[in-house]
Amino acid sequence: MTYTPHRSTPVRAIDPDDDGVDEWALRWRARIWVGGGVLVALALVTFGVWAVATADRPAGGPAVIRGLPPADPVDPAPGGFGFRVTSVRCGVTAVGPEGLEERAHGQFCLLDVRVTNNGTEPELFDSSAQRVHDTEGAVYAVATEAAVFLNDGSPTLLGEIRPGASVNGVLPFDVPKDSQLTEVSLRGSGSTPGIRMALPDAE
């Protein structure tokens, strides 16, 4: 009696020309590497944007805006706002009622301004669109919460101004203690023409 050994069928047939390299696995690993590379690139770009956005503002520091090109003086558009800065007061550390006061990170410089609506319709003066410039070329935005405390009268600089009417108000800017302001850019809103003018000496 002849005994014939039992031979199991291979689980996966191997082609005679197979060199042992699993092409499917290689393609899958390549996709994983490409996908991982894309995620790493996106993370680096996101970090770069965050770093640029926060580099010019120290923790708890004034709202400084850098890298803005100097604006040439522009006459207000016909029918727009007219502006006049009557005085500048610096060295103020806090504004507002006791117990609720807004404190400066550096110092508040307060610009006393007179805004006139030269148009034929009521217009809203956007205080947040105003900017001041210092001797180092830094640009600072209005401290909006402090502006609310300083313009709580009636009529207010923060409301609509009637045609032909003039309103007096105060624009506060939180700037470093050693900052020396030289100019102010004033406009009705961020999308309207404005004017850049020299500031009077601070009191």
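Things to note:
- Filtered residues of the range 129-170 (kept if among the polar types (S, T, N, Q), more than 20 Å from the chain's Cα centre (by Cα) and under 18 Å from residue 114 (Cα atoms)): 151, 154, 156, 166, 168
- Matching residues, the range 91-125, being under 23 Å from residue 192 (Cα atoms) and either free of Cβ contacts under 8 Å to residues at least 12 places away in the same chain or part of a loop (DSSP other than H, G, I, E, B) (or both): 118, 119, 120, 121, 122, 125
- Selection of the range 138-154 for residues being modelled with pLDDT under 95 and of a type in the set (Gly, Ala, Ser) yields 153, 154.
- Enumeration of residues in the range 122-150 that are over 15 Å from residue 187 (Cα atoms), crowded, with 21+ Cβ neighbours inside 10 Å and touching a Leu at 6+ places or on another chain (Cβ under 8 Å): 147, 150
The values are calculated or read from the model by the stated rules, or taken from the named source; none is laboratory data. Worth saying up front: this structure is predicted, and the values here are computed from it rather than measured. Every residue, glycine among them, receives a Cβ derived from its backbone with ideal geometry; neighbour counts consider all protein chains shown.
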